[in-house]
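Shown next, in C-alpha cells, is the structure this report addresses.
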Amino acid sequence: MRSLIKIVLTIIVSISLYGCQKYLDVVPDNIATMDDAYKDRVSAQRALATCYNQIPRNGTRYDPGFAAGDDLWIHQFIDGGAQERWRQYYRELAINGNNVTRPLYSYWHNIEGGSALWKAIRDCNTFIANVHKARDLDSFEREKWIAEVKTLKAYYHFYLMQLYGPIPIARENIPATAPSEELMVYREPIDEVVAYIVQLLDEAIPNLDLEVDNSVSDAGRITRPVAAAIKTKVLVTAASPFFNGNQDYANMIDKRGIVLFNPVEDPNKWILAAEAAQEAIDIAHEAGIRLYHHQTTFNVSNETLGVIQVGQIIADKFNEERIWSLSDFNSSSPNLQDLGLELRTIPRLHADHQNIVYQWFIPTLKMAELFYSNNGVPIEEDVDYAYDDRMTLTFVPADQEAYMQPGYRTIGLHLNREPRFYGSLGVDGGWWFGLGRTDENAQWPLNLRAKSMTGGMIGNQRYSTTGYYIKKLSNYRSAYTGKDAYVGMRFDFPLFRLADLYLLRAEALNESLSSPDANVYHYIDLIRQRAGLSGVVDSWTQHSRFPQKPTTKEGMREIIHQERNIELAFEGQRFWDLRRWKKSIQYMNQPVRGWNIAGETPQEFYQVITHNRSQYTLRDILWPIMQDEMLRNTNLLQNPGW
C-alpha cells in the first residue's frame, strides 16, 4: 500500500497530511471537476491512495495509543530548538491534561498532533460515489477498491469513536451548498455508530482479496483478514464495560432527547464479538497467517532465541503473524522527520553511539512489575517467587546467566522472570543481543547507573528517565557500525497481529460464558506456549496462591487482561484496553515510577523516584471537542467535564 502511495505522489503535487487541506486533495491535471478527477484507472488510483494516506500514524509520537498511556514516560527537553522541532504532545497531555481551546491529539480538528479524520472520511465518500466513472477500470477491481475504501472509512469512524465516544455518522458527504441546518450534524448513539461501522465491514469483506498479490509492493493494502480483524476489535470494544452499559455517561442526552450512551448492559454483545473473533481467526488462518516462531542462523541457546523472538515478532518485516501493519513511519534514518522506533528506544552501548540514539520512549517501573515470573504467573501470586524481597539487592546467580550478568548486583525483581520480560525490557545488569553483537557469549552488557556507558544522561536530552529501555521495538540485526554510524533494519509497525485476535477471542468467549471452558484456554495457551510457558490451568494449579483462579469468569478475566498487557506491551494497545475495560482512572492515577538514574552505586540507583503527572478524572477519558467547533455547531454535545 505504501508503494502505491509513493508511486501516486510522484505524479501529483506534494500533500501535507497535517496541514490545512481542501475538500478534495487530489484533483489530477488541475481540472477541478469530479468527472475528470475519476476519468480513468490512473486517476482513480490516485484518489485511492489519498484515502489510504490518511491512516493515523501508529507507533509514533502522533499516536495517543502508543505514547499517551501509563506504560511509557519521557523526560522533558530543555533545549528550545529540540523542543520546537520534536513537539512532545504526549508529555504535555500527561503533565497538563487536555483542553478545549486547542485539544491535543485532535483527530477531529487536524491540530496538535492529530490528523483530519473527518476529511479522510469525506475523501472515502467521494471515492465510493465517483469511482464508477473511471472508464478503463474493470468491475472486479472497482468492487475491490470500493471494499478497501469502505474498510478505511469504517476504521476512521472507529478511531474517532475510541477517542470521542459518540460521533456523527458520515454516510455520505453533505454538499457545501446544503442548508445550514443540514450541516449542523448531531453525534449519534454509540450503538448506532457501531452498527454502521460493522455494516461497512460486512459489505466490504466479501469483495476483498484473501491476501495481497505482492507482499512488497502491496504491503499494507486492505485484505479480508484486515477487515475481519477490525470488525472483531470494533465488536469487542463495543461489548466492553466502557461502551456497554456505562452509567457514568447516562446523562449524555442531546437536544433531541437522544441518549448517546446506553446505560443498560447487553451481554449479547460479547456473543457477537466472540463469533466475529472466531471468523477473523479462521480467515487469517486461511490466508496463511500463523503465530510467528523465529528461526536464526546464529548459534544461540533456546533461552536467547526466546528473548530475541519477542522483538522479531514486531521487527521482522515479513513475519507470518502480521495481519495489518504500516511502513515508512518507523524508518531508522536519523534524517527523516520521524526517527525510527529503534533510535528512540535503544540505549547507547558505546561512546561512539551517543550522538545517534535519542532514548525518548522509556518504560515505567510498572511495566517491569507486570510480567510473569518464570513459572508463568504474576510475581505477587507465585508461591516460589520471593515477592517480599523483590526490591532487595542481590547478586545475579550463575544459573541466570542466559538473561543476566552473573555476579552483577541487581534486585530480585530482575531475576527469575519469564522470557518476555527479558525480550521486552533492557534492564540494569541484563544483556542486549544484536546491534552489532550476535555472539551469544559477547553480548552488550547493560549497566544503567550514572556515569556508566549505558546509564545516566547525555546532556539534557538523551537518557532513560526510569532506568529501563524498550528492547522489544528493535531488530537485533540492526547494528552500530562505527562512530555515529548505524544501519537499521526497517520494519512496519503492526496495527493487528494474530496474537491480538487470539486474545480478543479468549476475552469475548470468557465474557459470554458463565465460566471458562477449554475453548477460552486454548488461544491463550498457544501464545503462552510460544513464550516458553505452560498453559494457564497448569501454571496456576502448580505455582499460584490462587490455584482456582482460571476456573472462574472473574479470575480468568484478570488473567486475560494481564496476558494482553504482557504480550502486546509497547504496541499501542494498553491505552485503548484500559479505556474499554474502565480501568483508565485507576491506572493513570498511579504514580509514574522509575529508578534514581543519578545513582552511581546499586544502593543509590535502586531508590524509587516518582514523576509527576496531572490527575486523571472521568473527563480525561474522552477527548474534548474544540470550543470553536461547539460554537459553530450548536447541535453538538460536549463530552462531560469540558
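The values are calculated or read from the model by the stated rules, or taken from the named source; none is laboratory data. Fair warning: this is a prediction, and the values are worked out from it, not measured in the lab. Cβ sites come from the backbone with ideal geometry, for glycine too, and all protein chains shown count toward neighbours.
From the list D388, D352, the one residue that fits, being free of Cβ contacts under 8 Å to residues at least 12 places away in the same chain, surrounded by fewer than 22 Cβ atoms within 10 Å (Cβ to Cβ) and assigned to a helix (DSSP H, G or I), is D388.
Results for (1) of a type in the set (S, T, Y); (2) farther than 30 Å from K231 by Cβ, shown as yes or no for each residue.
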position: G455; (1), (2): no, yes
position: T465; (1), (2): yes, yes
position: Y468; (1), (2): yes, yes
position: Y480; (1), (2): yes, yes
position: V487; (1), (2): no, yes
position: F493; (1), (2): no, no
position: F496; (1), (2): no, no
position: Y502; (1), (2): yes, no
position: N510; (1), (2): no, no
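Every condition in (1) hydrophobic (A, V, I, L, M, F, W, C); (2) surrounded by fewer than 14 Cβ atoms within 10 Å (Cβ to Cβ); (3) touching a residue at least 40 places away in the same chain (Cβ under 8 Å) is met by A287 except one, and the failing one is (2). Among the residues of this structure, E558 counts as one that is of a type in the set (D, E), modelled with pLDDT of 95 or more and surrounded by fewer than 16 Cβ atoms within 10 Å (Cβ to Cβ). Of the set (1) surrounded by fewer than 19 Cβ atoms within 10 Å (Cβ to Cβ); (2) in contact (Cβ under 8 Å) with a residue 12 or more places away in the chain; (3) over 22 Å from I167 (Cα atoms); (4) not hydroxyl-bearing (S, T, Y), all apply to Q586 but (2). Quick check on this structure: which one of R593, R557, R579, R564 is within 28 Å of K472 (Cα to Cα) and not in a helix (DSSP H, G or I)? When all the criteria are applied, what remains is R593. Is at least one residue of the range 584-600 small (G, A, S), within 23 Å of the chain's Cα centre (by Cα) and modelled with pLDDT of 95 or more? Yes; the residues of the range 584-600 include at least one that is small (G, A, S), within 23 Å of the chain's Cα centre (by Cα) and modelled with pLDDT of 95 or more.
For the range 398-412, does any single residue satisfy the condition of being of a type in the set (G, A, S), in contact with a Phe, Trp or Tyr (Cβ under 8 Å, 6 or more places away or on another chain) and either in a strand (DSSP E or B) or surrounded by 15 or more Cβ atoms within 10 Å (Cβ to Cβ) (or both)? No: the range 398-412 contains no residue that is of a type in the set (G, A, S), in contact with a Phe, Trp or Tyr (Cβ under 8 Å, 6 or more places away or on another chain) and either in a strand (DSSP E or B) or surrounded by 15 or more Cβ atoms within 10 Å (Cβ to Cβ) (or both). Considering Q548, Q586, Q603, the condition of being more than 17 Å from W270 (Cβ to Cβ) and in the same structural domain as A315 (by TED's automatic domain parsing) is satisfied by Q548 alone. Of everything listed in (1) among the basic types (K, R); (2) farther than 30 Å from S215 by Cβ; (3) surrounded by 21 or more Cβ atoms within 10 Å (Cβ to Cβ), the single unmet condition for K471 is (2). Checking E92 against (1) in a helix (DSSP H, G or I); (2) modelled with pLDDT of 90 or more, which single condition isn't satisfied? Every listed condition holds for E92 apart from (2). On the basis of being of a type in the set (A, V, I, L, M, F, W, C) and buried (at least 22 other Cβ atoms within 10 Å of the Cβ), does V608 make the cut? No: the conditions fail for V608. Scanning the range 587-618 for residues that are of a type in the set (D, E, K, R) and farther than 21 Å from R574 by Cβ returns E600, E604.
Restricting the range 134-162 to residues that are assigned to a loop (DSSP other than H, G, I, E, B) and acidic (D, E), the residue that is farthest from L618 (Cα to Cα) is D136. The lone criterion from (1) within 24 Å of the chain's Cα centre (by Cα); (2) assigned to a loop (DSSP other than H, G, I, E, B) left unmet by K119 is number (2). Only residues that are over 12 Å from N475 (Cβ atoms) and either assigned to a loop (DSSP other than H, G, I, E, B) or β-branched (V, I, T) (or both) were counted across the range 279-295, and they come to 10.
Meeting the requirement of 1 or more residues that are at positive phi, the strands (runs of 3 or more DSSP E) wholly within the range 472-519 are 479-482. Taking the range 413-442 as the range and being in contact with a Lys or Arg (Cβ under 6 Å, 6 or more places away or on another chain), touching a residue at least 60 places away in the same chain (Cβ under 8 Å) and either surrounded by fewer than 21 Cβ atoms within 10 Å (Cβ to Cβ) or in a helix (DSSP H, G or I) (or both) as the test, only S424 passes.
Taking the condition among the small types (G, A, S) and modelled with pLDDT of 75 or more, does S373 pass? Criteria met by S373.
Residues considered: P175, P225, P168. Of these, the only one that is modelled with pLDDT of 95 or more and farther than 17 Å from E275 by Cβ is P168. The set of residues from the range 37-71 being β-branched (V, I, T) and out of contact with any Gly (no Cβ under 9 Å at 6 or more places or on another chain) comprises V42, T50, T60.
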